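Please read the structure below before turning to the comments.
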Amino acid sequence: MTHVLVVANETVDAATLREALASRGSDLGVTVVSPVSQPQRGYVVYSDTRRASARRRLERALDHLREAGVPSDGYVVEADPAAAVRDALAQLEPPVDEILVSTHPKEKSGWLRRHVVDRIRAAAGSVPVEHLVAGDGGPEEKNVLVIANETVVGEPLLAKIRERAASGASSFLIISPQSDPTAGDHPEADRRLKRALSQLRGEGIDAHGQVAHPDPFSAAMEVVHDERVDEIVVSTFEPLSSGWLRKDLVERLRKETGVPVEHVTVAKTETEVPA
C-alpha cells in the first residue's frame, strides 16, 4: 500500500486534491495534516476558533475520501506546515511514500507567499512532493477580513457580517488594532472581541479573531500577506470621531490590497459592552 501524506488547510476538501488521490489507484492509504498557522505578531489570538474551523474542513474531507473507499485519517496541528511535515515523517507508520501539498492559486495563497511548498520540499528530503492548486470546485467561498476596535460589538458591523455570511462568505477574521503598543494586556478589547465572536459563532457564523498591531493598516497588511483575504470590512465611528478615517485607512487598503473594501460606521452609543 502506498502511504500518501496530504498537507492542506483551506483546500483540504478541494476536488483537485480528491481527483489526484483517486488517480493513484486503490492500494492507497492517506494521512491528512491540516496546519493551523498563527500570526507572528499580535497580542491575543483566539486559536480555538481557527482550530475548530480547520477541524470541520478536515472532517468533511475525510468523509469524502472514505466514501470513495480510500482509507484515511488526519489531524489538525498548530504548527508551521514545514515543521508539521518533519514531525509527520518522523512519527507516521508505515513510512510516507509521497507528499501532496494543496494550496489556493498564487494570488490567493498565503502559503505560496511564504514559500511553504519550497520549505516542505526541503523538509521532505528524499520523499517526493507534488504541489496541487485548488481549482473551481463549485461556488467560491469568501474569506472576509474585518478591522474594528471599539466598534467590534456595534450592531451595524454585526449586521454586515451576518449579511455577508448569508450571501456566501465562509469565514471571518476580526482583528482589533490597539492604541497602546507598550501594554501587555488589553482587557477591554479582549472582552469586546470575545463578545462579538461568541455572538457570531452562536449564530453559526465561522468567525475568529485577535487583538492586533496598533496600526490598523499594518495589522491588515500582515494578514493579507499571511492569509487568503477576498474582502475587507473596515468598521469605524462616524467620520468626525474616527482617527482611522483621518488617516485615509479605507482608501489606502483599497489601493494596496486590490480586494474590495467596505466601510461600516457605528455610533458610539452602539458600542456598549456589559461588564
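7 Å from Cα along Cα→Cβ at both His225 and Ser167: what's the point-to-point distance in nm?
Once both label points are built, they end up 3.1 nm from each other.
Out of these labelled values of Rg and Dmax of the Cα atoms in Å, [x] 20.1, 66; [y] 21.2, 76; [z] 21.2, 67, which was calculated from the coordinates shown here?
Correct label is [x].
Per DSSP H run of n ≥ 4, the term is -39500 (n - 2.57); total these for the chain, divide by its residue number, and report the mean residue ellipticity at 222 nm rounded to 500 deg cm²/dmol.
Counting only the DSSP helices, I get -11500 deg cm²/dmol.
What is the gain in length, in nm to one decimal, between Asp190 and Leu92 on full extension, counting 0.36 nm per residue of separation less the C-alpha to C-alpha distance?
31.4 nm
What range in the chain is the longest one free of GluC sites (Glu not before Pro) that are in a loop by DSSP and have at most 10 other Cβ atoms within 10 angstrom? Intermediate values should be presented prior to the final figure.
Working: sites that count: Glu107, Glu140, Glu272.
Between the exposed loop sites, the longest stretch runs 141-271.
Below 20 Å, Cα to Cα, which lysines can Lys268 reach? Residues fewer than 8 away in the same chain don't count.
Reachable lysines: Lys160, Lys194, Lys247.
May I ask you to compute the full-extension gain from Asp63 to His115, defined as 0.36 nm times their residue separation minus their alpha-carbon distance, rounded to one decimal in nm?
15.8 nm
Taking neighbour Cβ counts within 10 Å as the exposure measure, how do Phe172, Phe217, Phe237 sort from fewest upward?
Ranking Phe172, Phe217, Phe237 by Cβ neighbours within 10 Å, fewest first, gives Phe217, Phe237, Phe172.
We did not get these values from a lab; they are worked out from the coordinates using the rules stated. Quick caveat: nothing in here was measured; it's all calculated off a predicted structure. With ideal geometry, Cβ positions are generated from the backbone for all residues, glycine too; neighbour counts draw on all protein chains shown.
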